[in-house]
Number of protein chains: 4
Amino acid sequence: MNASVAIQVLPDVQGDEELIRVVDEVIDYIKSTGLNCYVGPFETAIEGDYDELMDIVKECQHIAIRAGAPSVAAYVKVTYKPEGDVLTIEKKVTKHHE
Amino acid sequence: MNASVAIQVLPDVQGDEELIRVVDEVIDYIKSTGLNCYVGPFETAIEGDYDELMDIVKECQHIAIRAGAPSVAAYVKVTYKPEGDVLTIEKKVTKHHE
Amino acid sequence: MNASVAIQVLPDVQGDEELIRVVDEVIDYIKSTGLNCYVGPFETAIEGDYDELMDIVKECQHIAIRAGAPSVAAYVKVTYKPEGDVLTIEKKVTKHHE
Amino acid sequence: MNASVAIQVLPDVQGDEELIRVVDEVIDYIKSTGLNCYVGPFETAIEGDYDELMDIVKECQHIAIRAGAPSVAAYVKVTYKPEGDVLTIEKKVTKHHE
């Protein structure tokens, strides 16, 4: 596992319910990739191979548009270490949720 | 509850162990505020009163420095809605962790 | 100069014109502080003393609300190095604009 | 022009000089794409076609690694509006630099 990313997708839609509906479609897509992910209140973290993760990040905005948003903003964090491993999601959060 | 923030603190230290040690001190401080918070792999979300949250955000970097980091970077997201409520952490993430 | 920050303020208003009007009020406020700043397409960078900068960051959202936004989001980057200096805005960008 | 992005690349290298050297290689790459871009103190904004921009964002981290960084972090902002136009860099910043 050479990379992890975190993405917040902000569809430009009216009202909290519609916002949640579109964001949930994006999260469903992320989960459908089968990669290990972690849904937080502002962003969803995903870990895996760098190139695959960046393709997923790109697709997230297409998903939001197809779900009905006329435009979309996104905020993305990336960590990439080709040789060796990045810190895993589990190592970062598990102890804090016990 | 008129605001929520998410903060990632990146102390400039050597090695994953030292990084985790300093970040854990920051997370301990955030938890010590008694506010509702949510630790994720890249950032910790906190919800409460806007002014109080921003004071906590400011203090986080002081904590990292006092924990031994010579310098620190931080990435902060803010949502603030003086009248009415922002979406709660619980509403945003609970269903995704069932 | 021990710190620099960059802030993007996103007022929740309708239409590009209203968005620009509110963001311009925030930028005017930042300029009024007299600190060295740099307005970019997504964010405005400011350099100075850490505590003062964080107070300015906090005030930016109040400015957006007072300018008429019912709610506001913000994305903030922070670099803080109590001893020694952070890289200046000038050192970072001047050569790229020649 | 249906999209704009802003990217901050943070190679994990020692010292400000080496940091600037690697970041400059990334900025040179971005400029070599021929797209309109804007170098700021924390991030470089680029505007163009969404899919092309996201491919450039992905490549930036490969550039940093090839330039000698053992690992790299990045912070990316995205605005995408398939129908119609996003706000241009020029519209956003020109008046503030007069």
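Values computed for the structure shown
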quantity	calculated
Dipole magnitude of the protein assembly as shown about its Cα centre (Cβ charges: Lys, Arg +1; Asp, Glu -1), debye to nearest 20	0
Inter-probe distance in nm under a simple model that places probes 7 Å from Cα toward Cβ, at B:T88 and D:I20	5.1
Pairs from C:K81/D:K92; B:K31/B:K58; A:K91/D:K81 whose Cα-Cα separation, in the structure shown, is over 26 Å	C:K81/D:K92; A:K91/D:K81
Structure-based [θ]222 nm, chain B - -39500 (n - 2.57) summed over DSSP H runs of at least 4, per residue, nearest 500	-12500 deg cm²/dmol
Square roots of five times the Cα gyration tensor eigenvalues for chain D, Å	25, 15, 10
Order of C:T94, D:T79 under a 10 Å beta carbon neighbour criterion, fewest first	C:T94, D:T79
Span per principal axis, largest first, for the Cα atoms of the protein assembly as shown (Å)	53, 45, 39
Around B:V26: net Lys/Arg minus Asp/Glu count, Cβ-Cβ under 15 Å	-2
On Cα atoms only, tilt of B:16-32 relative to the major axis of chain B in degrees	40
Beta carbon of chain C nearest to the axis of the rotation taking C to A, residue and angstrom distance	C:Y75, 3
Between region C:23-38 and region A:20-77, the Cα center-to-center distance that results, in Å	34
Pseudo-label separations to other copies for C:D49 - Cα-to-Cβ vector, 7 Å, nm	2.6, 5.2, 5.3
In degrees, nearest ten, helix A:50-66 long axis to first principal axis of chain A (Cα)	10
Whole-Hz ³J(HN,Hα) from phi, Karplus 6.51 cos²θ - 1.76 cosθ + 1.60, for region A:81-96, glycine and proline x	9, x, 9, x, 10, 7, 4, 6, 4, 4, 5, 6, 10, 3, 4, 7
Sorted by Cβ density within 10 Å, fewest first, the residues D:I46, A:I56	A:I56, D:I46
Residues whose placed amide H lies under 5 Å from that of D:S71, excluding near-sequence neighbours	D:D12
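Just so you know, all these numbers are worked out from the coordinates, no wet-lab data involved. All of these numbers come straight from a predicted model, not from anything done at the bench. Note: ideal-geometry Cβ built from the backbone for every residue, glycine included; neighbour counts use all protein chains shown.
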